[in-house]
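The values are calculated or read from the model by the stated rules, or taken from the named source; none is laboratory data. Since the model is a prediction, treat every value here as computed from it, not as a measurement. Because the Cβ atoms are built from the backbone with ideal geometry, glycine has one as well, and the counts that use them run over all protein chains shown.
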Amino acid sequence: MKRRKFLSLGAVVAAASVLPASLSATDFVVTAPKAWEAATSKEAIEALFGSAAMIDGQIEIKAPKLAENGGAVPIGIKSKLELTTIALFQDANPRSAVVVFEMPENGVVDLQTKIKMRKTANVTVVAKGKDGKLYSAVQKVEVSIGGCGG
Amino acid sequence: MKIKAKLEKDTTEVKLLLTSPMVGKEEAALKKVEVEFITHVTAKVNGKVVWEASTGPFLSKDPYFMFNFKGAKAGDEIVIDTIDSKGKTETGKAVIK
């Protein structure tokens, strides 16, 4: 009896130790499917973050003014704020949402990635800070050769 | 998957190169290939999530990421897990230098 009790206890502990990891991982593709289907940045942002007021000028987007290869446009996101969720949108492709980054804690907002842009358009970053406020930044990127294949 | 993780003072810089065609539905229809793109990437150090990304098909082919975080030591192992639209998973590991 004791052994059985011990074993079942072990199973509970194992389940509990697995749980926090799965809880902290938010797959926005699953939790906010609408955001990934939205055609415009405005709709996608509303689906992910709601329509609360956003603060400008605290996030820096590092992108080329003129991108020669639309298949891989380097985008950098930098900020001194403590941001937990950072989403990247653009208006050059059939759907707007590109990627949503999350940094639970100890994150330093200095990110880089490469995106597809089939035409000249605005790139928008919207982020949620640890303070619960929303921050945003927009930059226009000119693309000379589209790379989406679309 | 290629991972480089370098510690500078208290910040770890990770450069990550994944392998995926990143084909969305529009591109798949045009090129007559299957939809295939990575949907989620997680980075963990010592079992703790330090960075994650929910990704769509408008990242470039073979997506590249660079990110930074604090709190790791040299010698710690960073584990990257990815899953794609077909449910295929991949795991990569690297030691922080």
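Could you tell me which of the residues B:15, B:2, B:31, B:44 is over 20 Å from residue A:113 (Cβ atoms) and not aliphatic (A, V, I, L, M)?
Values: B:15 fails: over 20 Å from residue A:113 (Cβ atoms); B:2 fails: over 20 Å from residue A:113 (Cβ atoms); B:44 fails: over 20 Å from residue A:113 (Cβ atoms).
It is B:31.
Filter region B:38-56 for residues that are out of contact with any helix residue (DSSP H, G or I) (no Cβ under 7 Å at 6 or more places or on another chain) and buried (at least 22 other Cβ atoms within 10 Å of the Cβ) and give the result.
Selection gives B:38, B:41, B:43, B:50, B:51, B:52, B:53, B:55.
Anything in region B:1-30 that is out of contact with any strand residue (DSSP E or B) (no Cβ under 7 Å at 6 or more places or on another chain) and not hydrophobic (A, V, I, L, M, F, W, C)? List them, or say none.
In the first step, residues of region B:1-30 are kept if they are out of contact with any strand residue (DSSP E or B) (no Cβ under 7 Å at 6 or more places or on another chain); the result is B:7-9, B:19, B:24-30.
Result: B:8, B:9, B:19, B:24, B:25, B:26, B:27.
Which of the numbered conditions does residue A:29 fail, given that it passes all the others? Conditions: (1) part of a helix (DSSP H, G or I); (2) in contact with a helix residue (DSSP H, G or I) (Cβ under 8 Å, 6 or more places away or on another chain); (3) at pLDDT 75 or above.
The failed condition is (3).
Residues to consider are A:119, A:130, A:78; find the one that is farther than 21 Å from residue A:44 by Cβ, more than 12 Å from every other protein chain (Cβ to nearest Cβ) and more than 13 Å from the chain's Cα centre (by Cα). Step through it out loud before you land on a result.
Working: A:119 fails: farther than 21 Å from residue A:44 by Cβ; A:78 fails: more than 12 Å from every other protein chain (Cβ to nearest Cβ).
That would be A:130, the only listed residue that is farther than 21 Å from residue A:44 by Cβ, more than 12 Å from every other protein chain (Cβ to nearest Cβ) and more than 13 Å from the chain's Cα centre (by Cα).
Those residues that are modelled with pLDDT of 95 or more and either on the phi > 0 side of the Ramachandran plot or of a type outside the set (Ser, Thr, Tyr) (or both), I need them from region B:8-19; list them, please.
Correct list: B:13, B:14, B:15, B:16, B:17, B:18.
Being crowded, with 16+ Cβ neighbours inside 10 Å, more than 9 Å from every other protein chain (Cβ to nearest Cβ) and within 13 Å of the chain's Cα centre (by Cα): is that true of residue B:94 here?
Numbers: crowded, with 16+ Cβ neighbours inside 10 Å: yes; more than 9 Å from every other protein chain (Cβ to nearest Cβ): yes; within 13 Å of the chain's Cα centre (by Cα): yes.
So residue B:94 passes the test.
A quick yes/no check of all residues on (1) facing another protein chain (nearest Cβ under 8 Å); (2) under 12 Å from the mean Cα position of the chain (by Cα); (3) under 19 Å from residue A:74 (Cα atoms):
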position: B:4; (1), (2), (3): no, yes, yes
position: B:7; (1), (2), (3): no, no, no
position: B:21; (1), (2), (3): no, no, yes
position: B:25; (1), (2), (3): no, no, no
position: B:36; (1), (2), (3): no, no, no
position: B:43; (1), (2), (3): no, yes, no
position: B:55; (1), (2), (3): yes, yes, yes
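Results for (1) surrounded by fewer than 23 Cβ atoms within 10 Å (Cβ to Cβ); (2) over 23 Å from residue A:133 (Cα atoms); (3) in contact with a helix residue (DSSP H, G or I) (Cβ under 7 Å, 6 or more places away or on another chain), shown as yes or no for each residue.
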site: A:63; (1), (2), (3): yes, yes, no
site: A:68; (1), (2), (3): yes, yes, no
site: A:76; (1), (2), (3): yes, no, no
site: A:82; (1), (2), (3): yes, no, no
site: A:85; (1), (2), (3): yes, no, no
site: A:88; (1), (2), (3): no, no, no
site: A:111; (1), (2), (3): no, no, no
site: A:115; (1), (2), (3): no, yes, no
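Take the residues in region B:57-91 that are among the hydroxyl-bearing types (Ser, Thr, Tyr) and more than 8 Å from chain A (Cβ to nearest Cβ); name whichever of them is nearest to residue A:62 (Cα to Cα).
Result: B:82.
Do you know which residues across region A:97-137 are under 13 Å from residue B:65 (Cβ atoms) and not acidic (Asp, Glu)? Spell out how you get there, then give the answer.
Step one: list which residues in region A:97-137 are under 13 Å from residue B:65 (Cβ atoms), which gives A:98-103, A:110-115.
Within region A:97-137, A:98, A:99, A:100, A:101, A:103, A:111, A:112, A:113, A:114, A:115 meet the criteria.
Listed here are the residues, each with its yes/no results for (1) assigned to a loop (DSSP other than H, G, I, E, B); (2) touching a Leu at 6+ places or on another chain (Cβ under 7 Å); (3) at pLDDT below 95.
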| position | (1), (2), (3) |
| --- | --- |
| A:64 | yes, no, yes |
| A:71 | yes, no, yes |
| A:85 | no, no, yes |
| A:92 | yes, no, yes |
| A:104 | yes, no, yes |
| A:111 | no, no, no |
| A:117 | yes, no, yes |
| A:128 | no, yes, yes |
| A:145 | yes, no, yes |
